[in-house]
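Undergrad: Take this structure, written in structure tokens, and hold onto it; I'll ask about it next.
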Amino acid sequence: MSLDAATVRRIASLARLRVPEDQLPRLGQELNAILGWIEQLNEVNTGGVEPLTGSAALAMRMREDVVNDGAQPEAVLSNAPERIDAFYAVPKVVE
Amino acid sequence: MSLTELSIAEARAGLDRKSFSAVELAQAHLDAIAALNPRLNAFILPTPERALADARAADDRIARGAARPLEGIPLGIKDLFCTRGVRSTAGSRILGNFVPPYESTVTANLFRDGAVMLGKTNLDEFAMGSSNMTSAYGGVENPWQRKGDAATRLVPGGSSGGSAAAVAARLCLGATATDTGGSIRQPAAFCGIAGIKPTYGRCSRWGIVAFASSLDQAGPMARSVRDNAILLGSMAGFDPKDSTSAERPVPDFAAACDQPMKGLRIGVPKEYRVPGMSAEIEALWQQGMAWLREQGAEIREISLPHTKYALPTYYIVAPAEASSNLARYDGVRYGLRVIEPGDSLDEMYERTRGEGFGAEVRRRILIGTYVLSAGYYDAYYLKAQKVRALIARDFERAFADVDAILTPTAPSAAFGMGEKMDDPVTMYLNDVFTVTANLAGLPGLSVPAGLSAEGLPLGLQVVGRAFDEETVFAVGAAIERAAGFTARPVLRAGG
């Protein structure tokens with residue numbers, strides 16, 4: 001597997017990460033080196049093996065379906081880069 | 001003895017005897033930070049006013065006879081833990097102005113028990129690194145130097161490099177840290193101190209900036225195994241706010257440090273003799289086996305056949321989870337926003353994230369996005385999860401025959417600042433011995449065990465069964481007793 005500039009550009013776009021055009025080739029090389037190294041996993045026979053998503057106890061805990069926090073708009077908004085009243089402000093998304 | 005040389009147990013005893021006050025203890029460490037931090041850069045943000053206020057409150061409680069388990073003990077807090085009202089950056093530019101309105105569970109537990117916060121310690125950006133060189137707030141210098149070579153500045157390891165350097169240089173009695181692939185144990189080994197990554201689920205992840213949620217686990221760093229046990233006793237415990245937090249009682253970890261070795265079976269995995277491992281690390285490993293045998297343990301060779309696949313597995317699983325976790329940094333709710341006039345919402349996201357994240361974080365987000373993307377999910381991510389299952393099964397089988405596993409912590413001693421920076425894979429190899437415990441969710445402790453020919457500290461690692469930190473502490477304490485590691489770094493308070 002080899003990543004060309006177009007693929008790197010596409011992944012960067014999926015990740016919402018601005019990558020200057022002149023950095024694409026070098027980044028592609030770096031990612032290829034990592035992916036090439038990762039390829040050795042293909043040597044492992046994983047037939048019939050269940051994937052392990054994590055090492056915590058498998059059963060998810062349930063909690064009471066109740067409101068236990070909230071009504072703290074000032075705390076929630078205290079780090080907002082831009083706000084209008086009790087709202088986060090972003091560039092216009094609907095024409 | 002100087003106040004900055006005390007163990008946590010000694011400091012607690014001295015405070016209760018009123019040999020010194022909590023304010024004096026805090027001030028001694030603040031003076032050390034003022035003297036050495038400009039060079040070491042171990043703290044991103046010292047918090048002297050907060051430390052003295054905490055210490056005055058501690059002195060009040062001690063005077064009233066109401067001292068708590070960590071009353072007056074000055075600690076460094078890794079800047080990955082959210083601290084209420086105190087800037088928490090994760091070592092990233094993107095969180096450069098973030099002041100959490102809440103407290104992480106682990107730090108809340110420490111403060112509940114009377115700990116004093118000296119400041120926020122440096123780390124690799126979002127805990128992604130093994131050298132602390134990826135921090136947006138600059139690298140950290142290891143307080144140790146090669147014999148006769150004061151000119152070469154060494155890394156403290158990473159990602160908890162600031163915590164490790166601060167503890168080693170006597171800027172604090174202990175520190176919090178986190179470990180996703182070795183970020184507690186490798187820097188502990190590089191800086192000649194002890195540190196434990198407990199079992200996944202032992203410490204709550206709530207309020208810790210997430211890197212790879214199925215691997216991240218908080219733990220302490222301190223200069224002795226017993227001090228680690230004392231700190232972990234306060235940090236650990238069930239937390240309903242973390243869905244993977246273990247609903248189990250917290251044992252008396254400090255008492256476990258006195259358990260005898262007689263009758264214990266210690267496994268030595270043959271696959272950890274990796275190509276290129278230095279002869280002195282091999283010799284230290286043999287020495288560790290001899291120490292444990294002399295104290296009555298039985299050494300058995302074991303096999304963990306999928307060891308060589310652990311790092312490539314990790315470099316799929318961790319970036320995949322990171323790419324998802326770091327999607328939250330979008331310049332809308334907190335942190336950096338970078339926007340040009342006329343930008344669309346997507347352009348704002350891309351500009352913010354492109355400028356807010358450093359090179360290593362961007363690399364890992366891209367790898368993670370790629371392995372999760374349509375058409376590649378099965379080939380990479382699902383495959384890695386299956387190999388992860390095999391790695392966990394290796395340990396399960398081994399623990400049928402042994403009670404703990406002994407390995408080196410890292411394949412080398414600390415390296416120079418700027419070395420290993422050209423090739424990401426070379427840097428990743430630092431974690432070859434530690435990453436398996438994260439993938440399997442097991443506790444791992446690094447203990448300083450000797451010095452390299454160049455005079456740098458080397459560590460041995462003890463891995464235990466899930467939720468059996470007690471045996472891990474017992475074996476670690478046995479190594480510590482036998483090693484008699486008293487060497488101290490060149491750059492240290494009062495040094």
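Undergrad: Does B:D423 meet the test of being under 25 Å from B:L458 (Cβ atoms), facing another protein chain (nearest Cβ under 9 Å), free of Cβ contacts under 8 Å to residues at least 40 places away in the same chain and open to solvent by 20 Å² or more (accessible area, probe 1.4 Å)? Reasoning before the result, please.
TA: Details: under 25 Å from B:L458 (Cβ atoms): yes; facing another protein chain (nearest Cβ under 9 Å): yes; free of Cβ contacts under 8 Å to residues at least 40 places away in the same chain: yes; open to solvent by 20 Å² or more (accessible area, probe 1.4 Å): yes.
Considered against the rule, which asks whether it is under 25 Å from B:L458 (Cβ atoms), facing another protein chain (nearest Cβ under 9 Å), free of Cβ contacts under 8 Å to residues at least 40 places away in the same chain and open to solvent by 20 Å² or more (accessible area, probe 1.4 Å), B:D423 comes out as yes.
Undergrad: Right, next: Here is a check on your reading of the model: is A:G47 part of a loop (DSSP other than H, G, I, E, B), within 26 Å of B:S243 (Cβ to Cβ) and not acidic (D, E)? Show your work before the answer.
TA: Details: part of a loop (DSSP other than H, G, I, E, B): yes; within 26 Å of B:S243 (Cβ to Cβ): no; not acidic (D, E): yes.
No; evaluated as a whole, the condition is false for this residue.
Undergrad: For residues that are facing chain A (nearest Cβ under 7 Å) and touching a Ser or Thr at 6+ places or on another chain (Cβ under 7 Å), tally how many sit in the range B:346-370.
TA: Matching residues across the range B:346-370 total 2.
Undergrad: State whether one or more residues within the range B:161-179 are outside any loop (DSSP other than H, G, I, E, B), closer than 26 Å to B:S7 by Cα, among the basic types (K, R) and open to solvent by 10 Å² or more (accessible area, probe 1.4 Å).
TA: As a first pass, look at the range B:161-179 and keep what is outside any loop (DSSP other than H, G, I, E, B): B:161-168, B:174-179.
Subsequent filtering for residues that are closer than 26 Å to B:S7 by Cα retains B:161-168, B:174-179.
Adding the requirement that they be among the basic types (K, R) leaves none.
Within the range B:161-179, not a single residue is outside any loop (DSSP other than H, G, I, E, B), closer than 26 Å to B:S7 by Cα, among the basic types (K, R) and open to solvent by 10 Å² or more (accessible area, probe 1.4 Å).
Undergrad: Which of the residues spanning the range B:271-292 are part of a helix (DSSP H, G or I) and out of contact with any helix residue (DSSP H, G or I) (no Cβ under 9 Å at 6 or more places or on another chain)?
TA: If we filter the range B:271-292 for residues that are part of a helix (DSSP H, G or I), which is where we start, we get B:271-272, B:279-292.
Those that are part of a helix (DSSP H, G or I) and out of contact with any helix residue (DSSP H, G or I) (no Cβ under 9 Å at 6 or more places or on another chain): B:A279, B:E280, B:I281, B:E282, B:A283, B:L284, B:Q286, B:M289.
Undergrad: When the range B:83-108 is examined, which residues are found to be of a type in the set (A, V, I, L, M, F, W, C), touching a helix residue (DSSP H, G or I) at 6+ places or on another chain (Cβ under 8 Å) and more than 19 Å from B:N132 (Cα to Cα)?
TA: Correct list: B:V86, B:V106.
Undergrad: I need every pair where a residue in the range B:337-354 that is hydroxyl-bearing (S, T, Y) has its Cβ under 6 Å from the Cβ of a residue that is open to solvent by 40 Å² or more (accessible area, probe 1.4 Å), sequence separation at least 6 or different chains.
TA: The qualifying pairs are B:Y349/A:R16; B:T352/B:R337.
Undergrad: Within the range B:126-145, identify whether any single residue is charged (D, E, K, R) and open to solvent by 10 Å² or more (accessible area, probe 1.4 Å), and answer yes or no. Can you show your working first?
TA: Taking the range B:126-145 first, the residues charged (D, E, K, R) are B:141.
Then drop every residue that is not open to solvent by 10 Å² or more (accessible area, probe 1.4 Å), which leaves none.
No, because not a single residue in the range B:126-145 is charged (D, E, K, R) and open to solvent by 10 Å² or more (accessible area, probe 1.4 Å).
Undergrad: Another question, then. Considering only the range B:30-59, how many residues are part of a strand (DSSP E or B) and more than 13 Å from B:G119 (Cα to Cα)?
TA: Going through the range B:30-59, the residues part of a strand (DSSP E or B) turn out to be B:43-46.
With the extra rule that they be more than 13 Å from B:G119 (Cα to Cα), the set shrinks to none.
Residues flagged as part of a strand (DSSP E or B) and more than 13 Å from B:G119 (Cα to Cα) within the range B:30-59 amount to 0.
Undergrad: Give the range A:1-44 a look and list any residue that's under 17 Å from B:R351 (Cα atoms), in a helix (DSSP H, G or I) and open to solvent by less than 40 Å² (accessible area, probe 1.4 Å), or say none. Full working, then the answer.
TA: Kept after step one, since they are under 17 Å from B:R351 (Cα atoms), are these residues of the range A:1-44: A:8-24.
Pick out the ones that are also in a helix (DSSP H, G or I) and you get A:8-14, A:21-24.
The answer is A:V8, A:I11, A:A12, A:L24.
Undergrad: Please identify the pairs in which a residue from the range B:224-239 that is on the phi > 0 side of the Ramachandran plot has its Cβ atom under 9 Å from the Cβ atom of a residue that is basic (K, R), counting only partners at least 6 apart or on another chain.
TA: Every condition considered, the pairs that remain are B:G237/B:R202; B:G237/B:R248.
Undergrad: Specify which of the listed residues (A:A33, A:A75, A:A80, A:A12) is touching a strand residue (DSSP E or B) at 6+ places or on another chain (Cβ under 7 Å), at the interface with chain B (Cβ under 9 Å from one of its Cβ atoms) and small (G, A, S). Outline the logic, then answer.
TA: Working: A:A33 fails: touching a strand residue (DSSP E or B) at 6+ places or on another chain (Cβ under 7 Å); A:A75 fails: touching a strand residue (DSSP E or B) at 6+ places or on another chain (Cβ under 7 Å); A:A12 fails: touching a strand residue (DSSP E or B) at 6+ places or on another chain (Cβ under 7 Å).
The conditions single out A:A80.
Undergrad: Pairs please, first residue from the range B:445-458 and closer than 17 Å to B:E480 by Cα, second anywhere and open to solvent by less than 10 Å² (accessible area, probe 1.4 Å) and among the basic types (K, R), Cβ atoms under 6 Å, 6+ apart in sequence or on different chains.
TA: What qualifies is B:S446/B:R185.
The values are calculated or read from the model by the stated rules, or taken from the named source; none is laboratory data. Since we're looking at a predicted model, the values are computed, not measured. We place every Cβ from the backbone using ideal geometry, glycine too, and count neighbours over all the protein chains shown. Ligands, DNA and RNA are excluded from the accessible area calculation, which covers all protein heavy atoms including side chains. Shrake-Rupley method; radii C 1.70, N 1.55, O 1.52, S 1.80 Å.
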